[in-house]
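Engineer: Got a structure for you, written out below as C-alpha cells; questions coming shortly.
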Amino acid sequence: MIERAYELAGTGSFTKATEICRELSKEGYLGAAILLNGGGFRRDIRTRIRFARIAASLVSSA
C-alpha cells in the first residue's frame, strides 16, 4: 500500500493526501487512513504531490 500511495502521488492527478487515501480505499487497500496519519509519511506524500504537479505543469506548458 505504501508503494501504491507513492505511485498515486507521483501521477500529478491528486492535490491532497486525503484524495490518495480515498483512492487507496477504492482500490481495496485497508487502513489507508491510518497510514496517512503518520506525520512523516503524510509529509512525504504531500511533497511528492507538489513535485508531480509542478512537473506536470512544466510539461504541459512546454
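Engineer: Expected output is a single nm value to one decimal: the length gained when fully extending between K26 and I2, i.e. 0.36 nm times separation in residues minus the C-alpha distance. What is it?
Structural biologist: Contour length minus Cα-Cα distance gives 7.1 nm.
Engineer: Taking the C-alpha atoms of the chain, how large are the radius of gyration and the largest Cα-Cα span, Dmax, in Å?
Structural biologist: Cα radius of gyration and Dmax of the chain are 11.7, 39 Å respectively.
Engineer: Now for a different question. Mind checking the dipole of the range 2-61: about its Cα centre, +1 per Lys or Arg Cβ, -1 per Asp or Glu Cβ, Debye to the nearest 20?
Structural biologist: Numbers: 10 positive and 6 negative charges, 51 e Å.
Using only the charged Cβ atoms, the result is roughly 240 debye.
Engineer: Return the calculated 222 nm mean residue ellipticity for the chain, to the nearest 500 deg cm²/dmol, obtained by summing -39500 (n - 2.57) across DSSP H runs with n ≥ 4 and dividing by the residue count. All intermediate terms of the calculation are to be shown ahead of the outcome.
Structural biologist: Working: 4 runs with 46 residues, N = 62.
Calculated mean residue ellipticity at 222 nm is -23000 deg cm²/dmol.
Engineer: While we're looking at this one, here's another question. In percent, what relative contact order does the chain have, based on Cα pairs under 8 Å that are 6 or more apart in sequence?
Structural biologist: 43
Coordinate-derived values only; no laboratory data. Because the structure is predicted, anything quoted here is derived from the model rather than measured. Virtual Cβ from ideal backbone geometry, glycine too; neighbours counted across all protein chains shown.
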